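Reading through the structure tokens given below for one structure.
Read-outs: derived from the displayed coordinates by stated rules, not from any lab. Source: prediction; values computed, not measured. Backbone-built Cβ (ideal geometry, glycine too); neighbour counts: all protein chains shown.
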Amino acid sequence: MVIIALLAVFFCPTAAQAVIINTLSGTGNTSAPIDDPGWSNVGLRGIGTGVYLGDRWVITAAHVGPGSIVLSGTTYAAEAGSMLTLNNAFDPAKTEPADLILYRLTTDPGLPSLSIASSQLATNAGVTMIGNGRNRGGFKTWSVNQSTSPWTWTESSTNVNAAGYSYEATRAMRWGTNTISDATWVQYNIGTQQNPDLREVRSLVTTFTLSSVYSDEAQAATGDSGGGVFFKNGSNWQLAGIMVAAAGYSGQPANTAVFGNVTYIADLSVYRPQILAVVPEPSSLLLAALGIAAAATLTRRR
């Protein structure tokens, strides 16, 4: 049994947290990887994360909300009244609003525009996940009694049947890697018990897998909501998804990432037409620029 939780309120309201990675210390990956998918376009958005798409537009999870975003150490203000909510109108059986929003900045950060994946990623496709928040703590093991409801977790070095990491209080933007394990619809409440606001999101899934060697294997945690998930299509990086939720085991201790946990990532390929209706792709911007240049050349010749 797993529980689904928003990454901004994982088990209980806490400060935002970053992707947890299964390296030896867990403290690395705080600068752009050598093969950079779009590090500078990902920034701190309140208790969560946001991704700059281009033409002054930002995408993030609806439960993170619009507002100022910090990109490469500079804060950019949100344009009042610019927020747009993406929807699930392509599947009438689902709730109409998705847990995704676009909003515009008042000034241009001068960053490159991102390409959006045009098709759903295949199982085992490799992705790079970038989120902003708390650092990883120590390695932990538990003896978990699954006969109770919820399960009873006892930190132990004997009779161990679960392992993972705790979280620290400090924060940093970090990248990690994983592979797509599934694709599904996920539903959760971004409102309150008194005023529920159910959202459904077509999602890609990654699983935090224990292996015999250390790696950049990543699991999303609180505060990664709105963070970017990138896929290299041939020689070109594309933004494939936005992290929106995570699933932990029954009774799992708060502020932990346990092997077997999963990350839900909004599949932007299905929301792409709505995004492109607002934010032109880099190729479109280039063609427009070339068109303007060609028109200017013709004018001069005349």
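Go through 40, 20, 118 and say which Cα lies farthest out towards the positive end of the charge dipole of the range 2-289; charges sit on Cβ, +1 for Lys and Arg, -1 for Asp and Glu.
20
How much of the DSSP beta bridge set in the range 2-289 is antiparallel, as a percent to the nearest 5? Spell out each step's value before the answer.
Working: 76 of 78 bridges.
If we restrict to bridges inside the range 2-289, about 95 percent are antiparallel.
Just add up the charged neighbours of residue 188: K/R +1, D/E -1, any other residue whose Cβ is under 12 Å from the Cβ of residue 188.
Once all neighbours under 12 Å are counted, the net charge is -2.
Find out how many positive minus negative residues lie around residue 56, taking Lys and Arg as positive, Asp and Glu as negative, among other residues whose Cβ is under 9 Å from that of residue 56.
Numbers: positive: 104; negative: 55, 79, 108.
Local net charge: -2.
Among 73-85, 240-252, 219-231, what's the highest-first ranking by average C-beta atoms within 10 angstrom per residue? Intermediate results must be reported in sequence, preceding the final value.
Working: 73-85: 13.5, 240-252: 25.4, 219-231: 30.8.
The packing order, highest mean first, is 219-231, 240-252, 73-85.
If neighbour count is taken as other Cβ atoms inside 10 Å, put 182, 55 in order from fewest to most. Walk me through the numbers before you get to the answer.
Values: 182 12, 55 16.
Arranged by neighbour count, lowest to highest, 182, 55 become 182, 55.
Set the Förster distance to 30 Å, then compute FRET efficiency between residue 250 and residue 96 from the Cβ-Cβ distance, nearest 0.05. Let's see the in-between values first.
Working: r = 31 Å, r/R0 = 1.04.
So the FRET efficiency works out to roughly 0.45.
At 222 nm, what value in deg cm²/dmol follows for the chain if DSSP H runs of at least 4 each add -39500 (n - 2.57) and the sum is divided by all its residues, to the nearest 500? Present the calculation step by step, with values, prior to reporting the outcome.
On the way: 2 runs with 29 residues, N = 302.
Taking each H run of at least 4 residues, the total per residue is -3000 deg cm²/dmol.
I'd like the FRET efficiency for residue 159 and residue 111, computed as 1/(1 + (r/R0)^6) with the beta carbon distance as r and R0 of 51 Å, rounded to 0.05.
Details: r = 51 Å, r/R0 = 0.99.
The formula returns an efficiency of 0.50 here.
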